[in-house]
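See below for the structure under consideration.
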Amino acid sequence: MAQFYKPQSRATKPQRLTEQQVVGLDHQGRGIIRTATGVRFVPGALPTERVTITVQGKHDAQLERVQTTSKQRVTPLCAFYEQCGGCDLQHLALSAQREHKQQVVAEILAKFGQVEAQQWLEPLAGDDWHYRRRARLAVHYDAKRQQFKMGFRAPKSKRITVIDACVVLAENLNRLIPPLQLLLPQLELVKQLGHVELIEFEHQVVVLLRLREWPNESDQKQLQQFAAHYEVAVWCDTEQQLAPLTASNPLSYRTVGASINCSPTNFMQAHRQLSEKMVEQALTWLDIQPNDKILELYAGSGNFSLPMALAGAQVTAIEGVASMVEQLKANAHNAQLSIAAFCTDLEQPWSRQAWSQEQFTKVLLDPARAGAPQAIKEVATRQPQKIVYVSCAPDTLARDAKVLKDNGYTLKQAQVVDMFPQTHHIEVITLFERE
Ligand SMILES: C[S@@+](CC[C@H](N)C(=O)[O-])C[C@H]1O[C@@H](n2cnc3c(N)ncnc32)[C@H](O)[C@@H]1O
């Protein structure tokens with residue numbers, strides 16, 4: 001048999017380093033330490049602290065002990081903080097979390113966009129706990145052991161941290177976790193359950209079950225009893241259909257001056273109070289005048305479109321998901337507003353889009369994490385007076401901001417929207433103006 005050279009295993013004992021100085025926080029909320037062998041990123045460590053770490057991989061390290069504690073360190077509220085990893089900034093005081101988020105955005109804008117905001121507004125904040133109006137819970141059923149797990153996935157892992165409460169989830173949703181943990185393993189559908197979503201709408205709390213097939217009669221009966229008892233609607237999302245299994249009120253959420261009807265799988269801003277406040281800020285910056293023609297990109301079901309039209313603008317709204325475009329049109333119709341809405345993939349050039357031939361005075365865009373690499377070039381060449389850019393990813397915002405800067409725009413104002421307190425996730429709203 002042929003023999004091949006096999007290098008010796010390089011596995012060594014994990015290296016332990018004591019008295020390490022934390023010099024900053026990175027954009028994922030991890031402490032930064034400069035060791036003799038390079039930079040290490042340490043979840044849970046805070047600037048000014050001296051800590052003991054165990055080195056893992058090339059740049060990561062695990063926090064073992066805090067030797068000198070930061071004044072900004074607070075005791076995490078959540079019992080699952082160590083295992084869950086969802087709210088990874090809970091050990092940092094809230095005011096410091098917000099300061100950190102603003103600093104991260106400013107640094108990334110300067111480094112990757114060569115852009116500086118002329119003015120930062122105070123972060124927009126709402127409830128710091130029990131603020132989330134939507135959560136997706138991972139599930140796993142071990143048929144052999146008849147073991148059911150429901151919770152959140154641990155960081156960088158498929159492991160499920162079983163929880164019986166979540167400190168950032170709206171109380172309306174939080175109370176459903178223990179009874180669902182009891183009910184679901186008793187149902188036949190547990191064997192084909194993909195995940196569970198809990199969503200708080202304006203007049204209805206929804207438990208959405210992701211399934212392969214529609215539930216059998218016995219399961220349906222038990223789910224109906226559950227729904228009646230907890231005053232929720234159970235919806236099922238199979239490959240064939242998305243529909244309520246129990247009685248359900250129409251699903252909607254509030255925006256400034258209007259209700260937005262939507263389906264349980266449509267995008268909805270995460271924070272139950274801050275969505276409207278963020279829309280108000282956008283309206284203030286846009287300063288809508290009677291002749292304004294506004295182009296809105298990544299419009300969803302109309303969260304910004306309806307308030308802009310109510311303020312008197314002529315709105316053209318673009319969204320990539322066809323069902324949301326239809327929803328947006330219906331929402332505009334219900335509010336007796338005239339909004340031109342189109343389904344377009346904004347990753348593609350606009351040359352064939354008839355809507356793009358119009359002259360727009362102002363643009364509002366609210367892309368997903370990937371930002372708007374193609375759309376921003378198209379916007380910049382059209383030279384609207386004002387651009388309001390809402391972002392949940394400072395790195396792609398910085399890349400797109402550079403395109404605007406190169407095309408004569410100045411970043412007049414910026415504001416962190418604390419849409420995800422206790423976590424490192426960042427939302428920011430920005431106003432660019434043509435010089
Ligand atoms: C952050 S959400 C914002 C939605 C809306 N502005 C709101 O406040 O509810 C981003 C939206 O962009 C849409 N989207 C993502 N990629 C897209 C693309 N390539 N073309 C068009 N729309 C896209 C998503 O479907 C989603 O509705």
Completion exercise
Here the qualifying pairs (Cβ atoms under 8 Å; residues six or more apart or on different chains; first in region 271-296 and assigned to a loop (DSSP other than H, G, I, E, B); second of a type in the set (F, W, Y)) come out as R272/Y131; Q273/Y131
Fill in the blank from the handout: S391 passes all but one of the listed conditions (1) in contact with a Phe, Trp or Tyr (Cβ under 9 Å, 6 or more places away or on another chain); (2) crowded, with 24+ Cβ neighbours inside 10 Å; (3) of a type in the set (S, T, Y); the exception is number (1)
Fill in the blank from the handout: Of (1) surrounded by fewer than 21 Cβ atoms within 10 Å (Cβ to Cβ); (2) under 24 Å from the mean Cα position of the chain (by Cα), M308 satisfies every one except (1)
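Conditions (1) at pLDDT 95 or above; (2) within 13 Å of the ligand (Cβ to nearest atom); (3) assigned by TED's automatic domain parsing to the domain that holds S338, marked per residue:
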site	(1), (2), (3)
T255	yes, yes, no
A258	yes, yes, no
N261	yes, yes, no
P264	yes, no, no
M278	yes, yes, yes
A282	yes, yes, yes
L286	yes, no, yes
P290	no, no, yes
E296	yes, yes, yes
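Return yes when T52 is at pLDDT 95 or above, of a type in the set (S, T, Y), surrounded by 15 or more Cβ atoms within 10 Å (Cβ to Cβ) and not assigned by TED's automatic domain parsing to the domain that holds P421 and no when it is not. Before you say what the answer is, go through the steps one by one.
Numbers: at pLDDT 95 or above: yes; of a type in the set (S, T, Y): yes; surrounded by 15 or more Cβ atoms within 10 Å (Cβ to Cβ): yes; not assigned by TED's automatic domain parsing to the domain that holds P421: yes.
It is true that T52 is at pLDDT 95 or above, of a type in the set (S, T, Y), surrounded by 15 or more Cβ atoms within 10 Å (Cβ to Cβ) and not assigned by TED's automatic domain parsing to the domain that holds P421.
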Practice task
Just one of (1) small (G, A, S); (2) more than 14 Å from the ligand (Cβ to nearest atom); (3) touching a residue at least 60 places away in the same chain (Cβ under 8 Å) trips up A247, so point out which.
Solution key: (3)
Practice task
Would you point out which residue out of F360, F420 is crowded, with 19+ Cβ neighbours inside 10 Å and either assigned to a helix (DSSP H, G or I) or more than 16 Å from the ligand (Cβ to nearest atom) (or both)?
Solution key: F360
Practice task
Being part of a helix (DSSP H, G or I), within 23 Å of C166 (Cβ to Cβ) and of a type in the set (D, E, K, R) is the filter here, so list the residues in region 88-102 that pass it.
Solution key: R98, K101
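Report whether or not I318 is among the hydrophobic types (A, V, I, L, M, F, W, C), within 14 Å of the ligand (Cβ to nearest atom) and over 14 Å from V388 (Cα atoms).
Numbers: among the hydrophobic types (A, V, I, L, M, F, W, C): yes; within 14 Å of the ligand (Cβ to nearest atom): yes; over 14 Å from V388 (Cα atoms): yes.
Criteria met by I318.
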Completion exercise
In the set R382, R369, the lone residue that is surrounded by fewer than 17 Cβ atoms within 10 Å (Cβ to Cβ) and within 11 Å of the ligand (Cβ to nearest atom) is R369
Practice task
For I376, work out the one condition from (1) within 14 Å of the ligand (Cβ to nearest atom); (2) surrounded by fewer than 17 Cβ atoms within 10 Å (Cβ to Cβ); (3) in a helix (DSSP H, G or I) it doesn't fulfil.
Solution key: (2)
Fill in the blank from the handout: Quick count over region 383-393, residues being out of contact with any Lys or Arg (no Cβ under 9 Å at 6 or more places or on another chain) and touching a residue at least 60 places away in the same chain (Cβ under 8 Å), is 1
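The values are calculated or read from the model by the stated rules, or taken from the named source; none is laboratory data. This is a predicted model, so every value here is computed, not measured. Quick reminder, even Gly has a Cβ in these numbers, built from the backbone with ideal geometry, and neighbours come from all protein chains shown.
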